[in-house]
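Bear in mind these aren't lab numbers, they're just calculated from the coordinates by the rules spelled out. The structure displayed is predicted, hence computed values, not measured ones. With ideal geometry, Cβ positions are generated from the backbone for all residues, glycine too; neighbour counts draw on all protein chains shown.
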Amino acid sequence: MSLELTGVTVEFGSADARTTVLDATFGPGRMTALVGPSGSGKSTLLAVAGALLRPTAGQVLLDGEDLAGLSDAQRARARRERIGYMFQSGNLLSGLTAVDQLLAAVYIGGRRPRTHRTRAEEALTRVGLGHRLRHRPEQLSGGERQRVALARALFLSPKLLLIDEPTAAVDRSQAGELAALLAGRTRQDDCVTVVATHDPAVAEAADRVVDMAELAADATRTAPPGR
Ligand SMILES: Nc1ncnc2c1ncn2[C@@H]1O[C@H](COP(=O)(O)OP(=O)(O)O)[C@@H](O)[C@H]1O
Ligand SMILES: [Mg+2]
């Protein structure tokens, strides 16, 4: 798995609300911590890399293939089968138990969840939620919801992990454990892992720290004049 962004620009409505990233390459078996102040474009970069948002310009190459060339159905399939995504807000499905949050993608993919149920319970236990398997989002704390969302992102062993602020609502010792879990999975499965974070514990566990400001500064130097 490899992920490469070249000349990616995202405009929201007007040209002055834009995020530009040039030549960001993320290799396998490496966890990158994406740092930078709020509003610097970390979540936007992840959304573009995760085929959730089409960039206004530029290329997003997944294993050398430009996501822009894919149909919506192909993009949905890439998200389901190759990409593990954790939203900053968690984005759990209301009304489903923690176990079913993980199994939802199995159902959608047309597979039978029976053999996956035990694995889902193990995955939740690994993030410290063995005692919350049947709880619904409404019954979980913010930190617990984040851990369900992280377990879900990792669940079907995707090779591209895009993780947005995974430790924002957990305590310090849990943050260290979650960071170690992500780093361990990255090495074990040779994943490309990009984690947007403010957390020194995550940055410390990462193989590389990339500051959004550096990427944006590069982009400003080389971008064509404003339109
Ligand atoms: N849906 C949207 N509509 C308009 N502007 C947006 C939208 N999403 C993000 N932005 C803008 O894009 C910039 C980067 O946001 P974001 O990627 O969320 O930053 P970060 O994750 O680093 O806090 C911000 O200026 C934000 O206001
Ligand atoms: Mg963000």
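Annotations for the structure displayed:
- Both numbers refer to the Cα atoms of the stretch 1-101; Rg and Dmax are 14.5, 43 Å.
- Calculated FRET value between GLU11 and THR125, using beta carbons and R₀ = 35 Å, to 0.05: 0.20
- Point-charge dipole on Cβ atoms (K/R +1, D/E -1) for the chain, about Cα centre, debye to 20: 960 debye
- Counted by Cβ distance under 12 Å from ALA123, the other residues give a net charge of +4, where Lys and Arg count +1 and Asp and Glu count -1.
- Distance between the modelled labels on ASP72 and SER173, one decimal in nanometres: 4.8 nm (7 Å Cα→Cβ projection).
- For the chain: relative contact order, % (alpha-carbon pairs under 8 angstrom, 6 or more apart): 32 percent
- Choice from PRO55, PRO28, PRO37 with maximal GNM fluctuation in the chain (Cα, 10 Å cutoff): PRO37
- Diffusion constant of the stretch 90-133 at 10 °C, which comes from Stokes-Einstein with the Kirkwood Cα-pair radius and 1.306 mPa s, µm²/s: 148 µm²/s
- Overall shape: oblate for the stretch 161-221, with the ratio a/c of the largest to smallest alpha carbon gyration tensor axis at 1.5 or above and b/c at least equal to a/b.
- At an R0 of 22 angstrom, the distance between the Cβ atoms of ASP190 and THR118 translates into a FRET efficiency of 0.35.
- Shape category assigned to the chain from the gyration tensor of Cα positions, a/c cut at 1.5: prolate
- Neighbourhood charge, 10 Å Cβ-Cβ cut-off, centred on PRO166 and excluding it, Lys, Arg +1 and Asp, Glu -1: -2
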